[in-house]
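Below you'll find the structure, written out as structure tokens, and then a few comments.
The values are calculated or read from the model by the stated rules, or taken from the named source; none is laboratory data. Since the model is a prediction, treat every value here as computed from it, not as a measurement. The protein model used for the area step is the full one, side chains on, heavy atoms only, and it has no ligands, DNA or RNA in it. Shrake-Rupley method; radii C 1.70, N 1.55, O 1.52, S 1.80 Å.
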Amino acid sequence: MSMATTPLLRDDDRAEALASPALRGVIEVPGDKSMSHRALILGALAEGTTRISGLLEGQDVLDTAAAVRGFGATAERLAPGAWHVTGTRWRSPVIPVDCGNSGTGVRLLMGAAAGFSLAAQFTGDRSLSRRPMERVLDPLRAMGADFDASEGGRLPVRLRGGTLGGLCFRNERASAQVKSALLLAGLQAQGEVEVVEPVPTRDHMENMLRAFGCEVEICDEADGRHIRLGGRRALAATSVRIPGDPSSAAFPLVAGLLVPGSEIILRSVMVNPLRAGLFATLAEMGADLRLDHERSRSGEQVADIKVRFGPLHGVVVPAERAPSMIDEYPILAVAAAFATDRTVMHGLAELRVKESDRLAAIVAGLRACGVDAWDEGDTLIVEGCGGPPPGGADVAAHDDHRIAMSFLVLGLASRNPVSVDSAGMIATSFPGFAPLMRSLGARIS
Ligand code: S3P
């Protein structure tokens, strides 16, 4: 049964961060969330048993594990992060597929299931039930899938899967979730499947499909990147080693930049260039940040990241960079609050439809902490304080894990403590966040 049925919000969900002494230590953050979802789903479609190590055991990924079991695959946990997944032809789940808080989980699973002869209902928590699904349902319908959504293209969504044809789709929203859902559906489709990306998005699905033996052609042309499924689409089980999630690493990393005297090493973080926009932006802001021991692991680039406290200055972040750091704007906005001068971040329309309206949540949280910040359309502007902002607020996290972690990081270096009203959701992506931060010296209760 899906673990998403367990309520994550409790009365004791509040957390508080206080000005901390220098943060020091060598840490590893949990496995990458995007790769973890994909490893479970591809393993559940492949012939044979896939061995996964470093799987993120956050609630989002556990919900995907429960979902693939519902479709008939086997997913077993042998030890922390070590899982075996045995694939099968997917069949109708007997209970609804509850994807909890995870947009990635539900959108990828809808794509993966669409080409099987089955019936399924997809559900999620309060936040996920507010998020738009038409972005995947429309192109999947164009391939021939029969989806019935709730009002406004929301969950619950009913699927009657069956034979799919091909599709050539232009990914104007720059969504890796949409691209991945279509490639997954394409595994069962009869025709050509091609996604064209005016701006490339994270390519973990392409990399992992290849690791499972599927043919994927990638070609950069004048109108963007063309990603095409080849003729060989059967998947063969493999081994996947999942490195640390750069989107989780972002929190201790920025904390190290902001808390005076800090020096932190983050081991084995995935640094795929299509996920590395935050590192580039922080470097432009003057951050003392170094990537060491760059290497490859399961088809992805990995490095150790060394970060040291130091002053930052404001920058302009172009819209084209947004897909490579789409989940990192809340923590970048916190870094910008400590910088000298103004930081302007363009092209953030997608932040309105994440786990919360992140643009609104960032602006409200920063203002509550005494920072001048505002949005103009899909641009976010933060007037840096040139040092520690006042803090001293109880910030509304809107049940959003990344908003909660971002403002706790702010509180580690602001002049007054910062609390967040709901920290329980942090477990969806970064289980063990508070103890790991405390092991560096952070004062988070
Ligand atoms: C993800 C893609 C991004 C990101 C999400 C994970 C993925 O969403 O925000 O956390 O694993 O494909 P979009 O592709 O919808 O921007």
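Points to keep in mind about this one:
- Gyration tensor over the Cα atoms of segment 1-148: the corresponding equivalent ellipsoid has semi-axes (square roots of 5 times the eigenvalues, largest first) of 30, 20, 14 Å.
- Sorted into 10 angstrom bins from 0, the C-alpha pair distances of segment 87-150 split as 20, 58, 21, 0 percent.
- Largest accessible area first, the listed residues ASP357, ASP399 line up as ASP357, ASP399 when surface is computed with a 1.4 Å probe on the assembled protein chains.
- Diffusion constant of segment 338-443 at 4 °C, which comes from Stokes-Einstein with the Kirkwood Cα-pair radius and 1.567 mPa s, µm²/s: 91
- Expressed as a fraction of 2.2 N^0.38 Å, the value expected for a compact globular protein of N residues, the C-alpha radius of gyration of the chain is 0.94.
- Heavy-atom accessible surface of the chain, averaged per residue, reaches 35 Å², computed with a 1.4 Å probe.
- Cα Rg over Rh - segment 108-182, Kirkwood: 0.94
- Element breakdown for segment 136-178 at a 1.4 angstrom probe: carbon and sulfur atoms account for 41% of the accessible area.
- Per principal axis, descending, Cα span of segment 330-394 in whole Å: 30, 25, 16
- Unit Cα scatterers, Debye sum, segment 268-378: log10 I(q)/I(0) for q = 0.15, 0.23 Å⁻¹: -0.69, -1.32
- Restricting attention to the chain, close to 75% of DSSP beta bridges with both partner residues there are antiparallel.
- Computed in the context of the full set of protein chains, the accessible area of segment 49-97 at 1.4 Å probe radius has 52% of its extent on carbon or sulfur.
- Mean residue ellipticity (222 nm) of the chain, computed from DSSP H runs ≥ 4 via -39,500 (n - 2.57), nearest 500: -8500 deg cm²/dmol
- Carbon and sulfur %, accessible surface of segment 187-341 computed with the full protein complex present, 1.4 Å: 50
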